[in-house]
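One structure is given below, encoded as structure tokens.
Read-outs: derived from the displayed coordinates by stated rules, not from any lab. Since the model is a prediction, treat every value here as computed from it, not as a measurement. For neighbour counting, all protein chains shown are included, and Cβ atoms are generated from backbone atoms with ideal geometry for every residue, glycine included.
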Amino acid sequence: MRKHATYPDLAGRSVFITGGGSGIGAALTRAFAHQGSKVAFVDIADAESEALVASLEAERVGHTPLFLHCDLRDIEALREAVDEAAAEHGDITVLLNNAAHDERHAVERVTPEYWDDRIAVNMRPVFFAAQAVIPMMQRAGGGSIVNFGSVSWKLRQGGMPAYTMAKASMQGLTRGLARDFGKQNIRVNTLVPGWVMTERQLKLWVTPEAEKEIDAGQALAGRVRPEHIADMALFLASNASAMCSAQEFVVDGGWT
Ligand SMILES: NC(=O)c1ccc[n+]([C@@H]2O[C@H](COP(=O)([O-])OP(=O)(O)OC[C@H]3O[C@@H](n4cnc5c(N)ncnc54)[C@H](O)[C@@H]3O)[C@@H](O)[C@H]2O)c1
């Protein structure tokens, strides 16, 4: 793993990550665990999540992350997971709303049930996770919420309108919550990843043609990797970003 910058104020912090078991989420779990944060994460990918916990245990991070199986479509289960994480690690003061699923769907095949299911994965839990941790952040004197957006809709990507709508909505939620709770030192920002080379993206979508598209689109050479997203998440969670709220932070190699 590439070494991240160290943020001393993140050591010992109670951090809650959605979808922290694979993809970008796994890089987040790793990065915060290596800061000495007390990380709890929810996911439905049991095998990958358990393997991640085992590897961090072997690396002897200060606090081995707590994995809680939770399907985020079930809001009661999400609330229980938040409470369990807080009972184990103390009031949550960093929330990373990372989980999402970019399943493609053709407009003509979308039913109301499918639409609701996509919103239940990509949008609804973001609000309810925030709602669950805000009283803890108020008690603790502040906190940082990071909602994960996407460049996909900014680049006019078609083929998954429920996903792009959900991702575009993140900044609306971010700005509203930032206003509601900013005076209580709760900061809310949107982290906008570019095209990030996770195993899933590489397997499903990163063809030689796509590589050319990335080279043409990004200002920077190279590829955006999960660790680059974790770099920004660490900054947004820590006091290093103390006066940053209600904003979008884009990590896309200069594409948009
Ligand atoms: N990878 C990219 O190129 C890219 C680009 C733009 C934005 N993003 C955003 O970054 C975030 C992470 O993306 P990723 O590529 O790592 O996604 P991913 O699909 O690879 O991983 C998402 C994680 O969430 C979990 N998850 C999915 N549905 C769940 C559910 N119902 N309940 C609990 N957990 C669930 C998955 O098991 C997985 O561990 C997302 O918000 C995504 O929209 C990613």
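Worth a mention:
- Per principal axis, descending, Cα span of the stretch 127-256 in whole Å: 51, 30, 23
- Estimated from the Cβ-Cβ distance and a Förster radius of 30 angstrom, the FRET efficiency linking GLU248 and ILE75 is about 0.70.
- The stretch 1-141: antiparallel DSSP beta bridges as a percent of all, rounded to 5: 0
- In sequence order, the stretch 238-244 has phi-based couplings of 8, 5, 4, 10, 3, 9, 9 Hz under the Karplus curve 6.51 cos²θ - 1.76 cosθ + 1.60, θ = phi - 60°, and Gly or Pro positions carry x.
- Candidate membrane-span-like segments in the chain, meaning DSSP H helices with Cα atoms spread over at least 24 Å of their own axis and a Kyte-Doolittle mean of -1.0 or above, are 124-140, 161-181, with no membrane implied.
- 222 nm mean residue ellipticity, helices alone, for the chain (DSSP H n ≥ 4; -39,500 (n - 2.57); rounded to 500): -14500 deg cm²/dmol
- Cross-link reach list, aspartates and glutamates versus LYS212, counting only Cα pairs under 20 Å and skipping chain neighbours closer than eight places: GLU199, ASP252
- FRET efficiency estimate (nearest 0.05) - Cβ-Cβ, ARG2 to ALA87, R0 30 angstrom: 0.35
- Computed lengthening from ASP180 to LEU220, 0.36 nm per intervening residue step minus Cα-Cα distance: 10.7 nm
- Kirkwood Rh, angstrom, the chain [1 / mean 1/r, Cα pairs]: 18.3
- The stretch 34-167, relative contact order [Cα under 8 Å, separation at least 6], %: 26
- Kirkwood's formula applied to the C-alpha pairs of the stretch 1-95 gives a hydrodynamic radius of 13.0 angstrom.
- Each part gets one Cα centre, and for the stretch 1-49 versus the stretch 184-227 those centres are 19 Å apart.
- Sparse-neighbourhood loop sites, chymotrypsin sites (Phe, Trp or Tyr not before Pro) in the stretch 156-256 - DSSP loop, at most 15 other Cβ within 10 angstrom: TRP205
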